[in-house]
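Peer 1: Before I ask anything, here is the structure I am working with.
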Amino acid sequence: MERFAIEGGQPLIGSVRVHGAKNAALPILAASVLAKGESVIHDVPDLQDIRVMESILRSLGARVTRNGSTVTVDPTPIHLTEIPDELMRQMRSSIFLMGPMLARFGSVRVSKPGGCTIGSRPIDLHTKGLLAMGATIHDSHGYMHCKANRLKGTSIYLDIPSVGATENILMAASLAEGTTMIGNAAREPEIVDLANYLNKMGARVTGAGEATIYVEGVSELNPVEHSIIPDRIVTGTLMVAAAITRGNIQLENVVSEHLGVVITKLRETGVEIEVDRDIMTVKSSNRPSAVDRIQTSYYPGFPTDLQAPFMSMLTVANGTSIVSETVFEERFKHVSELRRMGAQIKIDLRTAFIEGVSELTAANVEATDLRAGAALIIAGLAANGTTFVENTHHIDRGYERIEDVLCSLGARITRIHD
């Protein structure tokens, strides 16, 4: 077991580079099995979830190597189509392999995926899309057996703009016969990055980033070299950390257009933000002001992954803020831990009312999921005393050596091995 010890009260000052996006790297690694040959993918963060995906690919027979932040995948030796249950249970994103494995090899056997417990996250949209394309899926004893000679292009309308379902269908459709239309598709930047990767490979994808995506299937795809986009959630987390500590930081390798609503809301609290191409400066010298309302939504709305970190900052804001979570119904688990640190938060169904206090107090707290853990680190950075955050493994799933990044900016945070 490991935990973080955070001595609060140190303003973050300095410059740091944002690593590649986990939520773009995972589907792109999965999509690499669609090609015949060796693909080279740059700026892949060294995270627990990424390691699990690499292990899954190796378990199927693929050759996977890492050199720094560059990962090379050669799916040529793949000879198995069953993903090990113990690996599926470690990460929800393992489900991304259903589409590409089915399209390339005509068969895949998976168990129900794991991941953070943040609410209902059914995979029925994934399976409905593949069924509509002609796959057969048999569910037995917790496993799904999927088969298809060659998938057929069709029109698929998603009940909600699910990121995972959009990506799975997009990958499967790339090698399908005919044209696939994905309606009510997710519009996240990570979808666009995946589409760009597929198009480099020879796919014919148009409309990525819009509500309707068209995929004209091709007979084969080729290996390519690609660089992952910057992680907008890591960027947002560091922006909030600078704001709550009244710091002054410079973030390199950012795409500000991916954070439009986050930048707007931070500026409402009084944070100064300047953007010069791929460099962002975030400065705060005063106690943040409360915001009337934040409501999470699908992109380009306020990201649910930044709701918890942003709430930590609002606990010390001047006034009362309102935060509504509309994406995942169990994403307020960090609230009880923030209360242990002196936060004044009331919950009414899926809305939180945060009355800002002048100061948080250090406490022993527990990360229940990835973004809740990030929120507790942010609170600890501003708290009076030394905060201990348990369950660092959750945080390691989405932030590459976060303690090193924060220490480089002047924070006092240590990883303790118990």
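Bear in mind that the values in this text are calculations on the coordinates, not laboratory data. Bear in mind that the values here come from a model prediction, so they are computed numbers and not experimental data. No Cβ is skipped: glycine too gets one built from the backbone with ideal geometry, and neighbour counts run over all protein chains shown.
Peer 1: Relative contact order (percent) for the stretch 22-227, with alpha-carbon contacts under 8 angstrom and 6 or more residues of separation? Working shown, then result.
Peer 2: Details: 466 pairs, mean separation 42.5, N = 206.
This gives 21 percent for the stretch 22-227.
Peer 1: Using only alpha carbon pairs under 8 Å that are at least six residues apart, calculate the relative contact order of the chain and give it in whole percent. Working shown, then result.
Peer 2: On the way: 1046 pairs, mean separation 88.8, N = 418.
Rounded, it is 21 percent for the chain.
Peer 1: On full extension of the chain, what length is gained from R339 through S107, given 0.36 nm per residue of separation minus the C-alpha to C-alpha distance? Can you show the working numbers first?
Peer 2: Details: separation 232, 0.36 × 232 = 83.52 nm, distance 4.88 nm.
Full-extension gain reported as 78.6 nm.
Peer 1: Nearest 5 percent is fine: what portion of the DSSP beta bridges confined to the stretch 22-227 is antiparallel?
Peer 2: Working: 26 of 35 bridges.
So the antiparallel bridges in the stretch 22-227 amount to around 75 percent.
Peer 1: Something else about it: About its Cα centre, what dipole magnitude does the chain give when the only charges are +1 on Lys and Arg Cβ and -1 on Asp and Glu Cβ, stated in debye to the nearest 20?
Peer 2: Details: 40 positive and 48 negative charges, 78 e Å.
Using Cβ point charges on Lys, Arg, Asp and Glu, the chain gives about 380 debye.
Peer 1: Same structure again: Say the dipole of the stretch 336-409 comes from +1 at the beta carbon of Lys and Arg and -1 at that of Asp and Glu; which of T386, S336, L406 then lies farthest toward its positive end?
Peer 2: Ranked along the dipole, the leading option is S336.
Peer 1: What fraction of the DSSP beta bridges in the chain is antiparallel, stated in percent and rounded to the nearest 5? Walk me through the numbers on the way to the answer.
Peer 2: On the way: 58 of 80 bridges.
If I count the DSSP bridges inside the chain, around 70 percent turn out antiparallel.
Peer 1: Say the dipole of the stretch 1-118 comes from +1 at the beta carbon of Lys and Arg and -1 at that of Asp and Glu; which of I50, T72, L97 then lies farthest toward its positive end?
Peer 2: L97
Peer 1: Here is a further query. Can you tell me the length gained on complete extension of the stretch R204 to D418, counting 0.36 nm per residue apart and subtracting the Cα distance?
Peer 2: Net length gain for the segment: 71.9 nm.
Peer 1: So what are the radius of gyration and Dmax for the Cα set of the chain, in Å?
Peer 2: When restricted to Cα atoms, the chain yields Rg and Dmax of 21.4, 63 Å.
Peer 1: Also: On a 0 to 90 degree scale, rounded to 10, what angle separates helix 232-244 from the longest Cα axis of the chain?
Peer 2: Approximately 0 degrees, to the nearest ten.
Peer 1: Largest first and to the nearest Å, give the Cα extent of the stretch 22-227 along each principal axis.
Peer 2: 40, 39, 33
Peer 1: Can you tell me the dipole magnitude for the stretch 22-227 around its Cα centre, using point charges on the Cβ only (Lys, Arg +1; Asp, Glu -1), in Debye to the nearest 20? Please list the in-between numbers first.
Peer 2: Details: 19 positive and 21 negative charges, 75 e Å.
My answer is approximately 360 debye.
Peer 1: Cross-link candidates for K346: which aspartates and glutamates have Cα within less than 16 Å, leaving aside residues fewer than 8 places away along the same chain?
Peer 2: Partners within reach: D292, E325, E329, E330, E337, E355.
Peer 1: To the nearest 20 debye, what charge dipole does the stretch 1-85 have about its Cα centre, counting +1 at the Cβ of each Lys and Arg and -1 at the Cβ of each Asp and Glu?
Peer 2: Numbers: 8 positive and 10 negative charges, 34 e Å.
It comes to approximately 160 debye.
Peer 1: Also, quick follow-up: What order do you get for R3, R232, R331, R17 when you list them from fewest to most C-beta neighbours inside 10 Å?
Peer 2: Details: R3 20, R232 26, R331 23, R17 15.
Going from sparsest to densest Cβ surroundings: R17, R3, R331, R232.
Peer 1: Name all residues of the stretch 265-298 having a backbone nitrogen under 15 Å from the label point set 7 Å from the Cα of R17 along its Cα→Cβ direction, giving them as ranges.
Peer 2: Only 278-280 fall inside the zone, counting backbone N under 15 Å.
Peer 1: Tell me the angle of helix 48-60 to the major Cα principal axis of the chain, expressed in degrees between 0 and 90 and rounded to the nearest ten.
Peer 2: The angle comes out near 20 degrees.
Peer 1: Which listed residue (S297, H226, P189) has the Cα farthest towards the positive end of the charge dipole for the stretch 181-306, taking +1 on Lys and Arg C-beta and -1 on Asp and Glu C-beta about the Cα centre?
Peer 2: The one lying farthest along the dipole's positive direction is S297.
Peer 1: Hey, what angle do you get for helix 22-31 against the long axis of the chain, alpha-carbon based, 0 to 90 degrees rounded to 10?
Peer 2: 10 degrees
Peer 1: Quick one: if the Förster radius is 22 Å, what FRET efficiency do E2 and N67 give, using the C-beta to C-beta distance and rounding to 0.05?
Peer 2: Step by step, r from the Cβ atoms, then E = 0.25.
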